[in-house]
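The values are calculated or read from the model by the stated rules, or taken from the named source; none is laboratory data. Nothing here was measured: the structure is a model prediction, and the numbers come from that model. Heads up, the Cβs are rebuilt from the backbone with ideal geometry, glycines too, and the neighbour counts pull from every protein chain shown. The area values use the complete protein model at the heavy-atom level, side chains included, leaving out ligands, DNA and RNA. Shrake-Rupley method; radii C 1.70, N 1.55, O 1.52, S 1.80 Å.
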Amino acid sequence: MAAQVQPLTKPPSTGQTAWSALASHYKTVSKLHLQQLFDDDPKRGERLAVEAVGLYLDYSKNRVTDETMRLLLQLAEESGLRARIDGMFHGEKINITEKRAVLHVALRAPRDESIVVDGENVVPKVHAVIDRMADFSNLVRSGDTFRFVSNIDGTDFAEAVRDLDPSETLFIISSKTFTTLETMTNARTAREWSLPGLGGDEKSVAKHFVAVSTNTAEVTKFGIDTANMFEFWDWVGGRYSMDSAIGLSTMVAIGPENFRAMLNGFHQMDEHFRTAPFQQNLPVLMGLLAIWYNDFFGAQTVAVLPYEQYLKRFPAYLQQLTMESNGKRVTLDGKKIKRHADCQCLRTNRGAGLRQDAGPGQGGRHSEVARSAPGFRRQPSVQYNHGRKTHGGNSRKASGAVRTLRVYPGRNLEYRFIRPVGR
């Protein structure tokens, strides 16, 4: 059984009246049942929903009332969230630990935009790399299947190359510093595997290896021609880097046109995040709900359940994206964050964000329902839904219909549904 953990009700910094109000409000809301909330407000599923940039978010299946949302939005304002968002888009060094800008948004900005870091507009450099990636992709694309190796266990590499011919194999080595132990161990293994099939010629490495890195010296030392090195910058965080040169393998697989369409989709969400009022802002609303569950209910995990089969690997991506982003021990002013004690989650949770526990669709849902049984910690859930008809019959569009509400007596699950608009 998980340890009993008291919610964190002390405000993270002074001057936030909303935090104290939320702590008091929690005592009332924690006693409410989702079914009662829907019985009292049949239109709840339509009201507590937001649509933007082709996505529909239904957050009505959460333990929140109108007062909860008002206080959470007040908390965002009191915390200076708008100024932080603007600072990020303006290239300010909001990564105070490493004193760096945080500019994944620049990686998908249109050519005619200007985002300045240390007095320089970085957007032209971004597009110069994307253009080089596109030229390279068009040269090597053949429709062959890509294979990815990340585990340091040699079995991962052996399985990936077991039916390949070194003379017809291209390796893309992606490492920001080109010194990461796991990545470079696999890179050296790839070189050792390749050389016998290439006649033992060390110079052949330059024709069969491409680097995505910021470290020219190490790339050259490895034997890769720097003409086949694709760069990115220190303001690109690793967890946000798939739309930088790190996404070269993705571009080769899907083609430059589709890759640019993906970047455009990211940019549309960036602009929504930058400009939308908080009460209609999808990322802000989801972030505030995470605070509500983590800091007041004492939850430390969130189940991510994509019912769209093509999103089956999306939870694994989110695990790194969100947990690395939120795994902080100190606040912006250097104060230590109180750590929740949960024997189920200590190996990953660092006290500042919800651990991502995930699995595709029905299978993932069954395991998470079991985890949420009495004796375990509260676990909110996010379900990504295609909105089409399922084998069960009815469309699972999260339109607020009561049929999308699943309440398990005595079990602690709340839901957010996300689906593409028009499906």
Quick one: what are the phi-derived ³J(HN,Hα) couplings along the stretch 292-302, Karplus 6.51/-1.76/1.60 with θ = phi - 60°, whole Hz, x for glycine and proline?
4, 6, 5, 8, 10, 7, x, 6, 10, 10, 9
Taking θ as phi - 60°, what are the ³J(HN,Hα) couplings along the stretch 153-159 by the Karplus curve (6.51, -1.76, 1.60), each to the nearest whole Hz, with x for Gly and Pro?
4, x, 4, 4, 5, 4, 5
Simple spin-label estimate for residue 138/residue 279, 7 Å along Cα→Cβ, in nm, reads 4.9 nm
Near residue 86, within a Cβ-to-Cβ distance under 12 Å, what is the net charge of the other residues, with Lys and Arg +1 and Asp and Glu -1?
+2
Testing the spin-label approximation: label points 7 Å from Cα along Cα→Cβ at residue 163 and residue 195. State their distance in nm.
2.9 nm
Ordering of 220-231, 291-302, 22-33, 154-165 by burial proxy (mean other Cβ atoms within 10 Å per residue, highest first)
291-302, 220-231, 22-33, 154-165
Placed amide H near residue 305: partners under 5 Å, 5+ positions off or other chain
382, 383, 384
Once amide H atoms are placed 1.01 Å from N in the peptide plane, what residues at a sequence separation of 5 or more from residue 115, or on another chain, have their amide H within under 5 Å of its amide H?
122, 123
Between residue 67 and residue 118, with labels modelled 7 Å along Cα→Cβ, what's the label distance in nm to one decimal, could you check?
5.1 nm
For a quick check of understanding: with a 1.4 angstrom probe and all protein chains in place, what accessible area in square angstrom does residue 244 have, to the nearest ten?
10 Å²
Rule-of-thumb Rg ratio for the stretch 64-175 [Cα; 2.2 N^0.38 Å; N residues]
1.66
Among 125/207; 27/99; 93/203, which pairs are too far apart, with a Cα-Cα distance over 31 Å?
27/99; 93/203
Amide proton proximity set for residue 95, modelled H, under 5 Å, gap of 5+:
100, 102
With +1 assigned to the C-beta of every Lys and Arg and -1 to the C-beta of every Asp and Glu, and no other charges, what is the dipole magnitude of the stretch 187-328 about the Cα centre in debye, to the nearest 20?
220 debye
